[in-house]
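Here the structure is laid out as structure tokens; the discussion comes afterwards.
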Amino acid sequence: MTSTSTSSSALRTMKRLAAATAGASALCLGAPALAADKGLTREQVKAELAVALAKGEVHISDVDYPKWPEFKSTKTREQVKQELALATAQGEVYFSDVNYPPATQVATAPVKAPDVAKTIKQVQETVVAWVKKAASLI
């Protein structure tokens, strides 16, 4: 690559950056003008915000967006308990991602909680050993 093509490429990049900056500035500087055209006072804007908040039209974060419909159960508590007992008996209830999704046509046995606890214990012992070794090097 020659120095002419390199400087030409850099010049094109700079022109694009300048155009993007000018466009962004125009948008930012135009926003107050749009608000001024509407002619709302601070109090009016606060009142509109209060109404929108009361109606649930303003979302502060993605936690409440989209708004979920109110849930109405069609089953009694006893029916739900029976369904849970049946699902648990059939091995369809999962309490963590250790054994979810269930293995289908896999030759390995599912991981059991005691094995997981043993593994966690081994990891904890390994970490403690690393920390002791690091402390001895200091």
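The values are calculated or read from the model by the stated rules, or taken from the named source; none is laboratory data. Computed from a predicted model, the values in this text were never measured in an experiment. As a convention, Cβ positions derive from the backbone with ideal geometry for all residues, glycine included, and neighbour counts pool all protein chains shown.
Among the residues of segment 98-138, those identified as part of a helix (DSSP H, G or I) and modelled with pLDDT under 65 are ALA113, PRO114, ASP115, VAL116, ALA117, LYS118. When ALA87, ALA54, ALA33, ALA47 are screened for being surrounded by fewer than 10 Cβ atoms within 10 Å (Cβ to Cβ), part of a helix (DSSP H, G or I) and at pLDDT 70 or above, only ALA54 passes.
Among the residues of segment 57-80, write down those that are in a helix (DSSP H, G or I) and within 32 Å of the chain's Cα centre (by Cα). Outline the logic, then answer.
Just the residues of segment 57-80 that are in a helix (DSSP H, G or I), to begin with: 62-64, 77-80.
Answer for segment 57-80, where residues must be in a helix (DSSP H, G or I) and within 32 Å of the chain's Cα centre (by Cα): ASP62, VAL63, ASP64, VAL80.
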